[in-house]
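Remarks on the structure that follows.
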């Protein structure tokens with residue numbers, strides 16, 4: 001057995017037995033792991049509110065190579081989503097980050113860049129200001145997972161989009177030009193394509209002062225969400241909740 005202490009973000013928890021909880025954590029050094037937190041529902045000294053989803057913690061755990069689950073002994077809160085009011089919109093955004101990472105990350109596979117991305121968007125997801133960090137996260141995580149197609153050229157003919165729009169659909173990878181778009185395709189505006197290229201060239205802080213109403217870049221979020229759902233092979237419930245809010 002080996003003892004570990006690692007920075008981690010709580011992705012999900014669910015109860016087992018009377019007071020134990022299974023916890024899914026995205027750790028900086030060991031990727032996504034799952035562990036048993038014994039008596040977590042009763043022990044405020046060891047866990048308190050540290051097991052709430054999207055809490056940034058320092059986690060202490062014991063790993064046994066013969067067991068699938070680690071033993072989670074304690075978590076110290078570094079930053080909590082509960083430090084700011086959690087309304088429905090912010091809760092949906094936080095749930096979106098957790099659902100994507102829980103579904104996409106393999107066990108025990110470190111992904112430092114994705115971890116830093118998550119911390120950056122959590123820092124920007126405040127109050128009702130959710131659409132910028134959700135857009136930034138959905139685009140960047142799609143790229144980091146290797147699922148982002150070219151944003152500059154048509155997948156079918158290779159022609160550049162230039163200053164024009166592109167088209168996408170739920171059943172195909174890639175973007176198409178006007179000549180090769182399918183009847184079921186949706187448009188990705190030239191403005192949103194330009195924004196996507198800016199996002200891939202700039203840190204999230206560069207967008208912090210910009211105005212992002214719910215309808216701004218909604219087509220871009222839809223495009224990224226469809227790419228995620230296609231590769232995950234399931235619908236994202238949190239994405240549906242965000243769409244109902246107009247985004």
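Determine if the range 213-233 includes at least one residue that is touching a helix residue (DSSP H, G or I) at 6+ places or on another chain (Cβ under 7 Å), without any contact (Cβ under 8 Å) to a residue 60 or more places away in the chain and either in a helix (DSSP H, G or I) or surrounded by fewer than 16 Cβ atoms within 10 Å (Cβ to Cβ) (or both).
yes
Which number in (1) part of a loop (DSSP other than H, G, I, E, B); (2) farther than 23 Å from residue 89 by Cα; (3) without any contact (Cβ under 8 Å) to a residue 40 or more places away in the chain; (4) out of contact with any strand residue (DSSP E or B) (no Cβ under 8 Å at 6 or more places or on another chain) marks the one condition that residue 171 misses?
Unmet condition: (3).
Could you please let me know if residue 97 is at pLDDT 90 or above, surrounded by 14 or more Cβ atoms within 10 Å (Cβ to Cβ) and assigned by TED's automatic domain parsing to the domain that holds residue 145?
Judged against the criteria, residue 97 is a match.
Can you tell me which residue in the range 52-71 is modelled with the highest pLDDT, limited to those that are out of contact with any strand residue (DSSP E or B) (no Cβ under 6 Å at 6 or more places or on another chain) and either in the same structural domain as residue 99 (by TED's automatic domain parsing) or over 16 Å from residue 39 (Cα atoms) (or both)?
The selected residue is 54.
Answer with yes or no whether residue 74 is in contact with a strand residue (DSSP E or B) (Cβ under 7 Å, 6 or more places away or on another chain), free of Cβ contacts under 8 Å to residues at least 40 places away in the same chain and either over 13 Å from residue 20 (Cα atoms) or not assigned by TED's automatic domain parsing to the domain that holds residue 99 (or both).
Judged against the criteria, residue 74 is a match.
Here is a yes/no grid of residues against (1) buried (at least 19 other Cβ atoms within 10 Å of the Cβ); (2) closer than 26 Å to residue 131 by Cβ; (3) in the same structural domain as residue 216 (by TED's automatic domain parsing); (4) in contact with a strand residue (DSSP E or B) (Cβ under 9 Å, 6 or more places away or on another chain):
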residue: 156; (1), (2), (3), (4): no, no, yes, yes
residue: 159; (1), (2), (3), (4): no, no, yes, yes
residue: 179; (1), (2), (3), (4): no, no, yes, no
residue: 196; (1), (2), (3), (4): yes, yes, yes, yes
residue: 200; (1), (2), (3), (4): no, yes, yes, no
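Out of all the residues in the range 14-39, which are in contact with a helix residue (DSSP H, G or I) (Cβ under 7 Å, 6 or more places away or on another chain) and assigned to a loop (DSSP other than H, G, I, E, B)?
28
Answer with yes or no whether residue 80 is more than 19 Å from residue 120 (Cβ to Cβ) and surrounded by fewer than 19 Cβ atoms within 10 Å (Cβ to Cβ).
Spelling it out, it is not the case that residue 80 is more than 19 Å from residue 120 (Cβ to Cβ) and surrounded by fewer than 19 Cβ atoms within 10 Å (Cβ to Cβ).
What is the number of the single condition among (1) without any contact (Cβ under 8 Å) to a residue 40 or more places away in the chain; (2) surrounded by fewer than 18 Cβ atoms within 10 Å (Cβ to Cβ); (3) closer than 23 Å to residue 236 by Cα that residue 103 does not meet?
(1)
Output the number of residues of the range 112-148 satisfying the condition of being crowded, with 21+ Cβ neighbours inside 10 Å and in a loop (DSSP other than H, G, I, E, B).
Here the count works out to 2.
Of the residues that sit in the range 40-71 and are touching a helix residue (DSSP H, G or I) at 6+ places or on another chain (Cβ under 9 Å) and without any contact (Cβ under 8 Å) to a residue 60 or more places away in the chain, which one is surrounded by the most Cβ atoms within 10 Å (Cβ to Cβ)?
So the residue we want is 55.
The values are calculated or read from the model by the stated rules, or taken from the named source; none is laboratory data. Fair warning: this is a prediction, and the values are worked out from it, not measured in the lab. Methodologically, a virtual Cβ is constructed for each residue, glycine included, from the backbone with ideal geometry; neighbour enumeration extends over all protein chains shown.
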